[in-house]
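Engineer: My questions all concern the structure below.
The values are calculated or read from the model by the stated rules, or taken from the named source; none is laboratory data. Remember, it's a predicted structure, so these values are computed and weren't measured experimentally. Here the Cβ is made from the backbone with ideal geometry for all residues, glycine too, and neighbour counts use every protein chain on show. These area figures cover heavy atoms from the full protein model, side chains too; ligands, DNA and RNA do not enter into them. Shrake-Rupley method; radii C 1.70, N 1.55, O 1.52, S 1.80 Å.
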Amino acid sequence: MLNLEGKWALITGASRGIGKLAAEALAAQGCNLILLSRDCAHTAEFAKTLSERVSVREVACDLADTESVEKALAEIDAMNLPVDVILNNAGVQIAYRTDFWQTPVSDYTTSFQINTIAPMMICYHFIPKMIERGFGRVVNTTSGIRLEPEQAGYSASKAGLDKVTIDLGSKLAGTGVAINLTDPGWCRTDLGGPNAPNAPESAIPGVIVGAFVEQPKSGRLFTASDFYDMTLADAVAKAESMSCTAY
């Protein structure tokens, strides 16, 4: 299992839910954090608590706004910190359309902007710097939703993220950088809703496993349910043994 103590991790959607839990788990391993949320007021108290153990920075960003993403990336660059790990956790599920024949175009445009375009903007910005340093771990959050046109914008945007993640990973062999996917499952978060079967805590350690794998292999999917009730060390050992990749 990789030792990430002193490394810097960027986490999107870090103010609540799975993103917040992931930040806590990384901090427990000594990983410094860049917490990205729509408003730094949302992470202020949380960041103060985490800063008792690790170094923490906060960045405001609206992932639905390309200019806001560009501004956030420039702000992080100005910190002059090496971003070693990226957890593209933030996402949006616009609506559940019972009459899916009436799905508006905005379901697609908003979903793709937040769930596909913004995460890839972050990847394109930081992965070349990771390659230069010879190390990096990127984990993009996907979804297991299938055969539900009621959630077409959401599921299509996540499928798009899967595609570009896997394709990009095919170019990273030998660089020391790996990009993989995680599926947290249907959890009781703001996105998943109160009727979801799983507690957000069930997604840990599965959603962070990809940050700690030693082998820089890309194209893998780490489904949180495969790591339920495991320690991080045991989860990473299991992940290392998973040989299936897209290549």
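Engineer: Out of the stretch 1-31, which residues are more than 14 Å from V139 (Cβ to Cβ) and touching a Leu at 6+ places or on another chain (Cβ under 8 Å)?
Structural biologist: M1, W8, S15, G17, E24, A27, Q29, G30
Engineer: Find the residue count for the stretch 165-185, including only residues that are in a helix (DSSP H, G or I) and surrounded by fewer than 18 Cβ atoms within 10 Å (Cβ to Cβ).
Structural biologist: Of the residues in the stretch 165-185, 1 are in a helix (DSSP H, G or I) and surrounded by fewer than 18 Cβ atoms within 10 Å (Cβ to Cβ).
Engineer: Name the residues in the stretch 193-207 that are closer than 20 Å to S155 by Cα, in a loop (DSSP other than H, G, I, E, B) and modelled with pLDDT of 70 or more, would you?
Structural biologist: Correct list: G193, P194, N195.
Engineer: Here is a further query. Keeping to the stretch 91-135, report how many residues are under 14 Å from the mean Cα position of the chain (by Cα) and small (G, A, S).
Structural biologist: Going through the stretch 91-135 one residue at a time, the tally reaches 2.
Engineer: Of all the residues that make up the stretch 219-237, how many are open to solvent by 10 Å² or more (accessible area, probe 1.4 Å) and not in a helix (DSSP H, G or I)?
Structural biologist: The total comes to 7.
Engineer: Can you tell which of S111, S157, S106 is open to solvent by 20 Å² or more (accessible area, probe 1.4 Å), in a helix (DSSP H, G or I) and of a type in the set (S, T, N, Q)?
Structural biologist: Only one candidate passes the filter, namely S106.
Engineer: Taking only pairs six or more apart or across chains, which ones have beta-carbon atoms under 9 Å, a first residue in the stretch 119-135 that is aromatic (F, W, Y), and a second residue that is part of a helix (DSSP H, G or I)?
Structural biologist: Y124/L168; F126/L73; F126/I76
Engineer: Please pick out the residue among T142, T175, T165 that is polar (S, T, N, Q), touching a helix residue (DSSP H, G or I) at 6+ places or on another chain (Cβ under 6 Å) and more than 19 Å from A22 (Cα to Cα).
Structural biologist: Result: T175 is the single residue among T142, T175, T165 that is polar (S, T, N, Q), touching a helix residue (DSSP H, G or I) at 6+ places or on another chain (Cβ under 6 Å) and more than 19 Å from A22 (Cα to Cα).
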